[in-house]
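To start, the structure under review is shown below, and the notes come after it.
Just so it is clear, none of the values below were taken in a lab; they were calculated from the coordinates. Please read these numbers as outputs of a predicted model, since none were measured by experiment.
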Amino acid sequence: MKIEDLKVFVETELNKLERGIVATPQNREHLEAFTKANQGSNDFLVMQMAMQFGFKLAMENVSDLIKE
C-alpha cells in the first residue's frame, strides 16, 4: 500500500465518523461531560461514543505518523 492510499483511507474513515447516527466526541472532555450528564442511562450510547472516539484517535495517530 502506498502512503497516498493510506492517507485516503484515513481521511475516508475520519469522514465516516462525522456522518454517523451516533455523534463522535471531539475530545475526551466532551465524552466525559456527556457521560456525567447522562448519569448512567443510555449506556449503549456512551459505549458507542467511546468506541468511535478511540477509533478517531487511532486514525489521527496514523495520520500523524504519515506526515512525519
By how many degrees, 0 to 90 and rounded to 10, does the Cα axis of helix 28-38 deviate from the longest principal axis of the chain? 20
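Could you work out the relative contact order of the chain, using alpha carbon pairs under 8 angstrom and six or more residues apart, expressed as a whole percent?
44
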In degrees rounded to 10, the 0-90 angle between helix 43-67 Cα long axis and the longest Cα principal axis of the chain is 20
